[in-house]
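Below: the structure, in structure tokens.
The values are calculated or read from the model by the stated rules, or taken from the named source; none is laboratory data. Computed from a predicted structure; not experimentally measured. Cβ sites come from the backbone with ideal geometry, for glycine too, and all protein chains shown count toward neighbours.
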């Protein structure tokens, strides 16, 4: 979304309507041309193109790297508030994969919204499991930092999905090509 202005500059005659919903798009009934889906990539009757995978890893405000209990090693999480957002990969899974014991994965703050959970971490309230696409802008600006390298690869990925015949439309091809140029190789 933060880069959509580039598409609009290049294709000012093409209107873009962004709708965020958890339900699957009915392309013909809803008048939608393309969708970005998070899942396994197999959608019957639709063209599905892989956009990007995703990793899950702890992120926090740079403030938490200092103070009486600075975050230097995953074991230091025991001194900090864990922030949860209901995502499939949770603190229990991450802590187990990192071999960390003595940290209660169910303690801390819980949000229904991943956006609010991330904002809570930005404000220095604790450490949240960030997802690549959700926290990349905050990492780039320094609002969030990644205190440890350990990450879990998510099972699902992002896919551009559309009815096969839609690619013949200039607006769909233009958006598809722009999206892949923004993501870059690999």
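Listed here are the residues, each with its yes/no results for (1) touching a residue at least 24 places away in the same chain (Cβ under 8 Å); (2) under 20 Å from the mean Cα position of the chain (by Cα).
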{"residue": "13", "(1), (2)": "no, no"}
{"residue": "39", "(1), (2)": "yes, yes"}
{"residue": "61", "(1), (2)": "yes, yes"}
{"residue": "81", "(1), (2)": "yes, no"}
{"residue": "108", "(1), (2)": "yes, no"}
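Considering only region 86-186, give the helices (runs of 4 or more DSSP H) lying wholly within it that have at least 3 residues that are buried (at least 19 other Cβ atoms within 10 Å of the Cβ).
Of the helices (runs of 4 or more DSSP H) lying wholly inside region 86-186, those with at least 3 residues that are buried (at least 19 other Cβ atoms within 10 Å of the Cβ) span 91-98, 114-122.
Could you tell me whether residue 110 is within 28 Å of residue 61 (Cα to Cα) and in contact with a strand residue (DSSP E or B) (Cβ under 7 Å, 6 or more places away or on another chain)? Before the answer, list the steps.
Working: within 28 Å of residue 61 (Cα to Cα): yes; in contact with a strand residue (DSSP E or B) (Cβ under 7 Å, 6 or more places away or on another chain): yes.
Considered against the rule, which asks whether it is within 28 Å of residue 61 (Cα to Cα) and in contact with a strand residue (DSSP E or B) (Cβ under 7 Å, 6 or more places away or on another chain), residue 110 comes out as yes.
Working only within region 156-173, note down all residues that are farther than 15 Å from residue 25 by Cβ and in contact with a helix residue (DSSP H, G or I) (Cβ under 8 Å, 6 or more places away or on another chain).
Residues satisfying the conditions are 167, 173.
Would you mention how many residues in region 80-103 are out of contact with any strand residue (DSSP E or B) (no Cβ under 8 Å at 6 or more places or on another chain) and over 11 Å from residue 56 (Cβ atoms)?
Step one: of region 80-103, the residues out of contact with any strand residue (DSSP E or B) (no Cβ under 8 Å at 6 or more places or on another chain) are 88, 92, 95-96, 98-102.
Next cut, over 11 Å from residue 56 (Cβ atoms) only: 92, 95-96, 98-102.
Residues that pass the stated criteria total 8.
Can you tell which of 117, 154, 174 is modelled with pLDDT under 95 and either farther than 24 Å from residue 11 by Cβ or outside the structural domain of residue 61 (by TED's automatic domain parsing) (or both)? Step through it out loud before you land on a result.
Values: 117 fails: modelled with pLDDT under 95; 174 fails: modelled with pLDDT under 95.
Matching residue, one of 117, 154, 174: 154.
Do we find that residue 69 is modelled with pLDDT of 90 or more, assigned by TED's automatic domain parsing to the domain that holds residue 165 and exposed (fewer than 15 other Cβ atoms within 10 Å of the Cβ) in this structure?
No.
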